[in-house]
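Read through the structure below, which is laid out as C-alpha cells, and then see the notes.
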C-alpha cells in the first residue's frame with residue numbers, strides 16, 4: 001500500500017494523555033510531528049472544527065468464523081473490515097479457530113489467507129483452542145506465539161469449552177511462551193441446567209435467553225479464572241464482563257496483584273435485558289452471550305472503567321443475519337436455545353462511545369484510552385492506538401456537530417439489520433487514515449480489499465511481577 005505524507009492542521013487532537021488544538025505531521029505512514037508543524041510542500045488538510053483521534057482498535061471481533069452451533073458468520077474479512085473502517089476502526093483482532101484444520105498451524109495459515117485477501121484495515125488473531133489432544137499442538141502453539149500470535153482464546157462453556165485441567169495446561173504453556181490467555185468465562189453447568197429447566201416449563205422465548213445465562217454463571221467462572229491466573233501468574237484477559245459482581249471480583253484480584261485484565265462491550269453499557277422482550281421471535285436480534293443485564297450492572301461497568309478495573313471496550317462483533325442463513329437457521333418457531341447468539345458491533349463501537357463522550361459520560365482521554373490505547377497496549381499491537389510520534393498514522397477526523405439516527409439496515413457489514421435502530425448519536429467519523437493512506441473520505445469508503453497488514457506482536461503486551469503459587473514452583477523445578 002502506498003504510504004502518504006500529509007499535515008492535518010488546526011484539529012482538536014485527542015490522545016491518551018492530551019486534548020489540544022494543533023497539527024499532526026505524517027511521513028511515510030508514521031506520525032512524525034505533533035502540535036505546531038512547520039509548513040512544507042506535502043498535502044495539508046484544514047481540520048478546523050474537527051476532532052482528531054487515533055484509529056479505533058477493536059480486539060474482539062468474530063470474522064469468517066464458524067460458531068459453536070456450526071454456523072458461519074455472516075461477515076467476510078471484506079465486509080467486516082469495510083464496516084469497521086466506516087466506523088473509525090483501523091485495527092482489529094479476530095479469531096483463528098483451531099477446529100478449521102487438522103493441525104493448529106494449518107488452521108491459522110488458512111485463516112491468514114482469508115485476511116490477506118479481504119482485509120481493508122490492519123489485523124491480528126487470537127488463536128482459539130478447543131482440543132488439547134490435537135496432533136503437534138504444543139509444538140505448533142509455541143511456534144505460532146514466537147512468530148507473533150501473542151494471544152490465545154479459550155471457552156469455559158459451549159461445545160468448544162476446555163476442561164479445568166486443559167485450561168491449566170494452556171496457562172502453563174502461555175506462561176512459558178509469553179502469551180495472553182483470553183477467556184469467555186461462564187459456568188457451563190449452571191447454564192445447561194437453567195436452560196433445560198426453562199424449556200421444560202415453557203419459557204422458550206428470546207427474552208428467556210437472559211435467564212438461561214445466570215449472572216452466577218459469569219461470577220463463578222470469572223472468580224475461578226482469577227484463581228487460575230493467580231496460581232500460574234499467567235496474564236489473563238477476561239472478555240465481555242457484564243455483571244457488577246464480576247467487576248468486583250476483578251477489582252479485588254487487581255488489588256492483590258493478580259495478572260488479570262478485563263473488558264466490556266457497548267451492548268452491556270447501553271442496553272439492558274429488556275431489549276430482548278419483544279413480540280414473537282424479534283428479540284432474537286439482540287441475543288448475545290453473556291446477555292445484557294440490569295441498570296445496576298451498567299452503573300458498575302462504567303465505574304469499573306473509570307477506576308481502571310475494566311481496561312477497555314471491545315465490540316464482540318458476532319454477525320448473524322436475521323434469516324435462514326443466520327439466527328433463524330433452525331426456523332422461526334423454535335426456542336431460544338436454537339438461535340445463534342451475537343450482535344454486529346464493529347461499525348458502531350467507536351461512534352457509540354464518541355457520542356457518550358460528547359454527552360459527558362467519559363473524558364476525551366478516557367475515550368481514547370478505552371477504545372484505542374489500552375486495547376493496543378494490552379494485546380501487544382506495536383505503534384497502534386494513540387497519537388504519538390513514531391506511531392502509525394492511523395487517524396480519524398470526527399465531525400462533532402453531526403447528528404445521526406440509526407436506521408433499520410444502515411450499517412456496511414453483511415448482517416442486514418442494525419441493533420441500534422432509533423438511537424441518535426452525535427459525532428461522525430468523516431475521514432479515516434490507515435498508516436497515512438485515506439481509506440474513508442467524507443464518510444465514503446475509499447479503501448481496498450487486501451490493503452490491511454497483519455500486525456506482528458513480537459512481545460507480550462502486558463507484564464506482571466506476580467509470583468506463581470508455591471505449589472507451581474515446587475511442581476516445575
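The table below lists the values:
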| quantity | calculated |
| --- | --- |
| Per-pair calculated FRET efficiency, R0 = 41 Å: residue 256 and residue 359 via Cβ, rounded to 0.05 | 0.70 |
| Mean separation of Cα contacts under 8 Å (6+ apart) over length of the chain, as relative contact order % | 23 percent |
| Two-site FRET efficiency, residue 442 against residue 282, from Cβ-Cβ distance with R₀ of 35 Å, rounded to 0.05 | 0.50 |
| Residues listed by number, the stretch 31-57, amide nitrogen under 11 Å from residue 20 label point at 7 Å toward C-beta | 34-37 |
| Sorted by Cβ density within 10 Å, fewest first, the residues 197, 412 | 197, 412 |
| Length gained when the stretch residue 299-residue 465 is fully extended (0.36 nm per residue, less Cα-Cα span) | 56.6 nm |
| Inter-site label distance for residue 456 and residue 404 at 7 Å from Cα along Cβ, in nm | 3.6 nm |
| Relative exposure of 270, 232, judged by other C-beta atoms within 10 Å (fewest first) | 270, 232 |
| Efficiency of FRET from Cβ geometry, residue 135 and residue 66, R₀ 22 Å, rounded to 0.05 | 0.65 |
| Helix-only [θ]222 nm of the chain, DSSP H runs n ≥ 4, -39500 (n - 2.57) each, per residue, nearest 500 | -9000 deg cm²/dmol |
| Nearest-ten-degree value, helix 164-177 long axis tilted from longest Cα axis of the chain | 40 degrees |
| Nearest 10 degrees, 0 to 90: helix 104-118 Cα axis against the chain principal axis | 40 degrees |
| In degrees, nearest ten, helix 137-146 long axis to first principal axis of the chain (Cα) | 20 degrees |
| Computed P(r) (all Cα pairs; the stretch 401-477; 5 Å bins; percent) | 3, 10, 11, 13, 13, 10, 9, 7, 5, 7, 7, 4, 0 |
| Burial ordering of 9, 227, 349, fewest other beta-carbon atoms within 10 Å first | 227, 9, 349 |
| Distance cut-off 24 Å, percentage of C-alpha pairs in the stretch 279-408 lying past it | 44 percent |
| Kirkwood Rh, angstrom, the stretch 112-246 [1 / mean 1/r, Cα pairs] | 16.5 Å |
| Volume per residue that the Cα convex hull of the chain spans, once the total is divided by residue count, Å³ | 133 Å³ |
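Every number in this text was worked out from the coordinates using simple rules, so none of it is lab data. Only a predicted model underlies this, so the values are computations on that prediction, with no experimental measurement involved. Counting neighbours? That spans all protein chains shown, and the Cβs are built from the backbone with ideal geometry, glycine included.
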